[in-house]
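One structure below.
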Amino acid sequence: MAQDSTYAERLGYPKGARVLILHVDDAGMCFDSNRGAENALTKGASTSVSVMMPCPWVPDFVRFLKTNPQIDAGLHLTLTSEWVAYRWGPLAGRSAVPGLVDSTGDLWPEVMDVVNHASADEVEIEMKAQLARARAMGFEPTHLDTHMGTVYGSPQFLMRYLKLGMSNHIPVMLPGGSDKLIQEEEHFPDATVQQLRLLGKQVWAAGLPVLDDLHNFSYGWVIPADIANDDKKLDDYKTAKYIEALKTLQPGLTMMIMHCTDTGPEFKYISDSGPTRKGDMLAMMNPAFKKALQDQGIILTTWREVKNRRDRVH
């Protein structure tokens, strides 16, 4: 790839274009996450979603996908179970992947727990099981990504993740381009960015699209306490944050991650992240955000579209 070109350009987008996948994580996690994702995708600006296959509300969301086949939906490959009172286990079964589970038989709560206890073979077995369940349900994913970034916790895990995508010709979330947002916000060392770029070249050579960058910072935006329970103020706050975030996007193909959730009264018993997640949903549905996308000349896309474009590039 030429020094001044982007993967977006290689996919046929105009030079200098800022192309964006507005992506919702955690579908299937619970009833509220399903409703929030559906709202963001059908009434809002979001263009893509991914599903946590080990979670209990997956059948409900897969039914939604079957009645809305235009929705761009991938697998949120899930190797952790982070909540205290609401948890799930591996689809491959405890005996097949003993290093992936804690003493209760659920997936470990933290990424480093997985890194410290699980083998790359076990990670691959579980990821394959999650893909197999999706296909058994009649759900062919448009892409693969990773819950809590777990596959990036170990070079060995990352290679198995890329292998799964390349061997099945399914796009994988991999920021392999300029990665300016990652460098500025996550302070990734140069060596890490260089490694991501090398892996990006491998993924591209395998016939799959590659991200130029990744915006994965919205979950860390702190919601002021005085607006957390006021939907109007929460909507205004989160919408303003996302509009500002659009201004940081660099030329190329970027994926922006969010966790749109239509939080009901029970969600607080799962997680204290309800205001953050509801704010995401409200912002995606806010006309001011949709107008900002137009005003800033952002080109929205999906994983399905960029794969189709990659298939046409020789």
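No lab work stands behind these numbers, since they all come straight from the coordinates. The structure displayed is predicted, hence computed values, not measured ones. Note: ideal-geometry Cβ built from the backbone for every residue, glycine included; neighbour counts use all protein chains shown.
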Of all residues in the range 189-232, how many are in a loop (DSSP other than H, G, I, E, B) and either acidic (Asp, Glu) or more than 19 Å from the chain's Cα centre (by Cα) (or both)? 13
So, first residue under 19 Å from PHE157 (Cα atoms) in the range 124-141, second residue among the hydroxyl-bearing types (Ser, Thr, Tyr), Cβ within less than 8 Å, six or more apart or across chains; the pairs are MET127/TYR161; GLN130/THR78
Considering the range 272-314 alone, what residues qualify as being acidic (Asp, Glu) and farther than 19 Å from ILE71 by Cα? ASP272, ASP295, ASP311
Among (1) assigned to a helix (DSSP H, G or I); (2) in contact with a Gly (Cβ under 6 Å, 6 or more places away or on another chain); (3) polar (S, T, N, Q), where does SER50 come up short? (1)
Go through ARG35, ARG94 for me and flag whichever is in a loop (DSSP other than H, G, I, E, B), among the basic types (Lys, Arg) and either without any contact (Cβ under 8 Å) to a residue 40 or more places away in the chain or out of contact with any Pro (no Cβ under 9 Å at 6 or more places or on another chain) (or both). ARG94
Of those in the range 179-235 that are of a type in the set (S, T, N, Q) and under 23 Å from ARG277 (Cβ atoms), the residue surrounded by the fewest Cβ atoms within 10 Å (Cβ to Cβ) is ASN229
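In the range 60-87, which residues are aromatic (Phe, Trp, Tyr) and either under 19 Å from the mean Cα position of the chain (by Cα) or under 14 Å from THR150 (Cβ atoms) (or both)? Walk me through it before giving the result.
As a first pass, look at the range 60-87 and keep what is aromatic (Phe, Trp, Tyr): 61, 64, 83, 86.
Those that are aromatic (Phe, Trp, Tyr) and either under 19 Å from the mean Cα position of the chain (by Cα) or under 14 Å from THR150 (Cβ atoms) (or both): PHE61, PHE64, TRP83.
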